[in-house]
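The structure under discussion appears below in the form of structure tokens.
The values are calculated or read from the model by the stated rules, or taken from the named source; none is laboratory data. Just so it is clear, the model here is predicted, and its values are computed rather than measured. Here Cβ is always computed from backbone atoms with ideal geometry, including for glycine, and neighbour counts include all displayed protein chains.
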């Protein structure tokens, strides 16, 4: 690996992010340290702090990239004529993504912001983007007129789905059930979405 003079500031930043991502992906967040990163890229540990203020800022960068990758995966889910099936497909894409990189996904929940820190606007923007993707998949199910209902429906799907994937990615699902995560996800989304669709249809008929 080349030394300082071999890389521009942007290249060095990418080396650090890539090495840190690999460490977390292979060994988990607990294995991340400036020394471990430095060993991988062939620089001194102090070099990290010339690029990032601290490890927390580095981890936030990785988290934002993971959220971007998830959003791109979900937006590629094709739309079909059946809105319930589409929401199921979105949910399964989410599950598949977390299964492919469990340690990186769990980083979003293992990494705690230091006291007094608030998520930066660019981080919150990525969370909002994901929320809007799920809400968009829920529009054909409950309609767009009642924004409160739409937001709640998407939130229930998102939170329940996260519960299943969290158990699956930490290999604790079998402590709760012998059902596969994909079966639980499909049953959860299909049953809930169908019920919401029936309820929304009934509410529309009453308003007429």
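Quick notes on this one:
- Unique residue being more than 20 Å from residue 185 (Cβ to Cβ) and in the same structural domain as residue 23 (by TED's automatic domain parsing) when the list is 125, 38: 38
- Test: residue 159 is out of contact with any helix residue (DSSP H, G or I) (no Cβ under 9 Å at 6 or more places or on another chain), modelled with pLDDT of 95 or more and within 23 Å of residue 77 (Cα to Cα): no
- Helices (runs of 4 or more DSSP H) contained in the range 30-104 and holding at least 2 residues at pLDDT 95 or above: 34-41, 55-75, 83-100
- Qualifying residue in the range 164-175 (condition: on the phi > 0 side of the Ramachandran plot and either touching a helix residue (DSSP H, G or I) at 6+ places or on another chain (Cβ under 7 Å) or loosely packed, with under 12 Cβ neighbours inside 10 Å (or both)): yes
- Residues that are within 24 Å of residue 28 (Cα to Cα) and not in a helix (DSSP H, G or I), drawn from the range 142-182: 170, 171, 172, 176, 180
- Evaluated against (1) assigned to a helix (DSSP H, G or I); (2) under 24 Å from residue 18 (Cβ atoms), residue 119 falls short on exactly one condition, (1).
- Subset tally (residues that are surrounded by fewer than 13 Cβ atoms within 10 Å (Cβ to Cβ) and in contact with a helix residue (DSSP H, G or I) (Cβ under 6 Å, 6 or more places away or on another chain)) for the range 115-156: 0
- Test: residue in the range 116-131 that is more than 19 Å from the chain's Cα centre (by Cα) and either closer than 29 Å to residue 54 by Cα or without any contact (Cβ under 8 Å) to a residue 40 or more places away in the chain (or both): yes
- Those residues of the range 1-29 which are over 21 Å from the mean Cα position of the chain (by Cα), in contact (Cβ under 8 Å) with a residue 12 or more places away in the chain and in a helix (DSSP H, G or I), in sequence order: 4, 9, 12, 13, 15, 16
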